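*Asks:* One structure, as C-alpha cells, below. Some questions next.
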Amino acid sequence: MPCCLLILVLLSPRLVLGLLFFFSRYLNAPYHDNLILLILGFIFLPLTTLVYAWMFHSGIPVAGVNVLWLILSAAIDLGMVGGGYQHHRRSRG
C-alpha cells in the first residue's frame with residue numbers, strides 16, 4: 001500500500017497536495033497557517049512542499065544530509081516543468 005501512495009504522489013503531487021489541504025490537517029503544522037507559502041508551493045514546487053511536510057511530521061531535522069531530500073524533490077519538480085516546456089517547444093515547430 002505505501003508503494004501505491006508513493007506512485008500517486010510522484011504522478012500527481014498537486015492532486016495529493018489538494019486532497020491533503022481540503023480533507024486533513026496534515027499541512028497545518030508545517031506551514032503554521034501560512035497560506036501564501038502553501039499556495040506558492042502548490043503552484044511551483046508541489047513535491048517539495050509534500051516532502052517538507054513529511055519531514056516535519058516524521059521528526060526529521062532539515063539539516064545536514066536530510067537537505068538532500070528537499071534538493072532531490074526540487075530537482076524533480078523543476079524537471080517536470082522543464083520537460084513540459086521542451087515538449088511544448090518541439091510540438092510547435
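*Asks:* Any idea which residue in the range 24-40 is surrounded by the fewest Cβ atoms within 10 Å (Cβ to Cβ), counting only those that are touching a Phe, Trp or Tyr at 6+ places or on another chain (Cβ under 8 Å) and either modelled with pLDDT of 95 or more or closer than 17 Å to L70 by Cβ (or both)? Full working, then the answer.
*Replies:* Kept after step one, since they are touching a Phe, Trp or Tyr at 6+ places or on another chain (Cβ under 8 Å), are these residues of the range 24-40: 27, 29-30, 37-38.
Add one more test, that the residue is either modelled with pLDDT of 95 or more or closer than 17 Å to L70 by Cβ (or both), and what stays is 27, 30, 37-38.
Working: L27: 22, P30: 17, L37: 14, L38: 18.
Here the residue is L37.
*Asks:* Quickly run through the range 13-33 and pick out the residues that are among the aromatic types (F, W, Y) and within 16 Å of M55 (Cα to Cα).
*Replies:* Result: Y26, Y31.
*Asks:* Looking at the structure I just gave you, is I76 assigned to a helix (DSSP H, G or I) and open to solvent by 70 Å² or more (accessible area, probe 1.4 Å)?
*Replies:* no
*Asks:* A further question on this structure: Mind telling me which of the residues G59, G64, G84 ends up being small (G, A, S), over 11 Å from the mean Cα position of the chain (by Cα) and at pLDDT below 90?
*Replies:* G84
*Asks:* Is it the case that F21 is out of contact with any Leu (no Cβ under 9 Å at 6 or more places or on another chain), part of a helix (DSSP H, G or I) and surrounded by 16 or more Cβ atoms within 10 Å (Cβ to Cβ)?
*Replies:* So F21 fails the test.
*Asks:* Within the range 12-41, count every residue that is free of Cβ contacts under 8 Å to residues at least 12 places away in the same chain and closer than 18 Å to A74 by Cβ.
*Replies:* Count: 4.
The values are calculated or read from the model by the stated rules, or taken from the named source; none is laboratory data. Everything numeric here is computed off the predicted structure, so don't read it as measured data. FYI the Cβ positions are ideal-geometry reconstructions off the backbone, even for glycines, and counts take in every protein chain you see. Remember, those area values only see protein heavy atoms, side chains included, never the ligands or the DNA or RNA. Shrake-Rupley method; radii C 1.70, N 1.55, O 1.52, S 1.80 Å.
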